[in-house]
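The values are calculated or read from the model by the stated rules, or taken from the named source; none is laboratory data. Quick caveat: nothing in here was measured; it's all calculated off a predicted structure. Using ideal geometry, Cβ is built from the backbone for each residue, glycine included, and neighbour counts are taken over all protein chains shown. SASA here: full protein model, heavy atoms, side chains in, ligands and nucleic acids out. Shrake-Rupley method; radii C 1.70, N 1.55, O 1.52, S 1.80 Å.
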Amino acid sequence: MDACDLLIVGGGPGGSACAWRAVSGRLDTVILDRSQFPRHKVCGGWITPAVLESLEIDPRHYGAGRTLQPITGFRTSCIDSREVEITYGKTVSYGIRRSEFDDYLLRRSGARLHLGASLTSLERSGDGWIVNGQIRARMVVGAGGHFCPVARFLGADARKEVAVVAQEAEFEMDARLRAACAIEGEVPELYFCRDMRGYAWCFRKDDYLNIGLGRLDAHGLPKHVADFVEFLKRTKKIGFDLPSPMQGHAYLLLRDIRGKIVDDGVLLAGDSAGVAYSQSGEGIRPAIESGLLAAETVLAANGNYSAARLAGYRAQLEARFGNPRGDLATELGRRVPVKLLGAISRQLLANRWFSRHVVIDKWFLHADQPALKVPAGVAADSQASAA
Ligand SMILES: Cc1cc2nc3c(=O)[nH]c(=O)nc-3n(C[C@H](O)[C@H](O)[C@H](O)COP(=O)(O)OP(=O)(O)OC[C@H]3O[C@@H](n4cnc5c(N)ncnc54)[C@H](O)[C@@H]3O)c2cc1C
């Protein structure tokens, strides 16, 4: 039987970030993922520089041989209404391809990899775990996304939770499609639904185009998506039918952070914990930051992995991401009659100040929140003080 200190279920950004920090703190770490990497992941592939900073990744290094589209502005609007262009004159975000990004983070983490292997069993044994009847682990982190089996083990039932639902298509454009695409790589476009219960996007990354739409309610999603694609064609944003079908996925937002994310010998991180930002649906940064905080918690516990010793993790997530609150759509929906909502959202999104300072700076860029930095040596210090 194989043995390790920490076994992480899920090698997405949350799991890889957790492993990267744990390995640097000298924990023997294994990542188990049911997919072989590189693997496709349904995602817009938009990240803020804070993501790279937290993981100490040099954009020049990452960008060599991989897609790293600098983003210097955004075009925002209510679907089929006046657009506002917001420019920053510097790189405020990047477009990446998840197949490349997740593979890079996984290999860079330094963890031992068990790929193409689903979690099939998780049994408590003494003060640790037996995973799949094959690996003995002192500590387990569940980072298996919205349907994470470790979250299920802790009692979560994804079918009963209210999640954001989204569909996207990402495809490579040949010369004909490139010529018929009006979207600029440096200025992606965001189009909000009139009821503010979701938004659509067009991200161009080098020769790749990513088009998608996410909503807080699953009701009518296919129609919203079909109408949006028609709108893109009618307004000549794209002059072609989508060459690949839309794929869908669901995940929880921070306001719905899962009830139980800590127990004896186990923590949840990333979508498994339900930490994606409520307003934008951005989940990569919170997945990475929660993964780093999970690793710090494990290192600081210094081998005593009781639920009581790990309990501070939840408070750390809440302190980092703020108290989970309702989103603007829910607040407006509660206070404003449906008929007025469309008119109000069109007005708000046609306003340059609101679009820049609230929509982009606050909801999307989290410009007021610096990258999470875990200073080198913190892990070692915390271990020493716990000893
Ligand atoms: C359409 C759409 C667009 C999005 N766009 C963006 C965006 O542009 N920017 C952004 O920041 N966020 C975006 N998100 C959210 C983002 O994709 C997620 O929040 C992020 O991937 C969460 O990372 P994670 O590591 O928690 O989980 P994941 O990335 O989902 O990784 C989980 C891993 O666990 C593995 N796994 C699952 N079950 C098992 C099992 N039983 N056994 C073993 N392994 C298992 C999976 O194979 C997977 O590799 C988008 C989401 C959707 C649906």
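Filtered by the rule that a residue be outside any loop (DSSP other than H, G, I, E, B) and either open to solvent by 10 Å² or more (accessible area, probe 1.4 Å) or away from the ligand (no atom under 11 Å from the Cβ) (or both), segment 20-34 gives 20, 21, 22, 23, 24, 29, 30, 33. In segment 353-367, the residues that are touching a residue at least 12 places away in the same chain (Cβ under 8 Å) reach residues that are open to solvent by 30 Å² or more (accessible area, probe 1.4 Å) and part of a loop (DSSP other than H, G, I, E, B) with C-beta atoms within less than 7 angstrom, at least six apart or across chains, in these pairs: 363/279.
The lone criterion from (1) of a type in the set (Val, Ile, Thr); (2) surrounded by fewer than 20 Cβ atoms within 10 Å (Cβ to Cβ); (3) over 14 Å from the mean Cα position of the chain (by Cα) left unmet by residue 42 is number (3). Is it the case that some residue within segment 120-141 is within 14 Å of the ligand (Cβ to nearest atom), under 30 Å from residue 244 (Cβ atoms) and crowded, with 17+ Cβ neighbours inside 10 Å? Checked against the condition, which is being within 14 Å of the ligand (Cβ to nearest atom), under 30 Å from residue 244 (Cβ atoms) and crowded, with 17+ Cβ neighbours inside 10 Å, segment 120-141 yields no hits at all. Would you confirm whether or not segment 195-202 contains a residue that is at pLDDT 95 or above and touching a Cys at 6+ places or on another chain (Cβ under 7 Å)? No - not one qualifying residue is present in segment 195-202.
So that you can scan it fast, the table gives a plain yes or no per residue for (1) open to solvent by 20 Å² or more (accessible area, probe 1.4 Å); (2) within 14 Å of the ligand (Cβ to nearest atom); (3) at pLDDT below 85:
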| position | (1), (2), (3) |
| --- | --- |
| 245 | yes, yes, no |
| 256 | yes, yes, yes |
| 283 | no, yes, no |
| 287 | no, yes, no |
| 294 | no, yes, no |
| 310 | no, no, no |
| 336 | yes, no, yes |
| 339 | yes, no, yes |
| 343 | yes, no, yes |
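Looking only at segment 62-77, residues that are farther than 22 Å from residue 237 by Cβ and outside any loop (DSSP other than H, G, I, E, B) come to 2 in all.
Taking the criterion of being surrounded by fewer than 14 Cβ atoms within 10 Å (Cβ to Cβ) and not in a loop (DSSP other than H, G, I, E, B), the residues of segment 46-61 that qualify are 60, 61. Elements of the type strands (runs of 3 or more DSSP E) sitting completely within segment 78-194 and holding at least 2 residues that are free of Cβ contacts under 8 Å to residues at least 12 places away in the same chain: these cover 122-125. Of all the numbered requirements in (1) open to solvent by less than 10 Å² (accessible area, probe 1.4 Å); (2) farther than 30 Å from residue 357 by Cα, residue 37 misses one, and that requirement is (1).
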